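No value in this document is a laboratory result; all are computed from the given coordinates. Keep in mind that this is a model prediction, so the values were computed, not measured. For neighbour counting, all protein chains shown are included, and Cβ atoms are generated from backbone atoms with ideal geometry for every residue, glycine included.
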Amino acid sequence: MDLGKNIQTARKAAGMTQKDLAKRLEVYQKDISRWENNELTPSALTLAKICKALGVSADTVLEL
């Protein structure tokens, strides 16, 4: 499983830039970049917010 790549794929499928997603989640754009590059892992709560913002299930992002 590549969580970062899955977040990036879902974000692009939703037609959002990193900046768009960061604004929606009220985080820095650099945080999005770090998640997508697997430099940081979002918390469970943040992951739930990411999924909601992108309109995907956690199963999709986590490859369950």
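For the chain, calculate the relative contact order in percent as a whole number, restricting contacts to Cα pairs under 8 Å that are 6 or more residues apart.
This gives 41 percent for the chain.
In whole Hz and in residue order, list the ³J(HN,Hα) couplings for the range 16-32 that follow from phi through the Karplus curve 6.51 cos²θ - 1.76 cosθ + 1.60, θ = phi - 60°; x for Gly and Pro.
10, 8, 4, 5, 4, 5, 4, 4, 5, 8, 6, 10, 7, 4, 4, 5, 4
R0 = 22 Å: FRET efficiency of Met1 with Val27, Cβ-based, nearest 0.05? Please report the intermediate quantities before stating the final value.
Details: r = 22 Å, r/R0 = 1.01.
Calculated transfer efficiency: 0.50.
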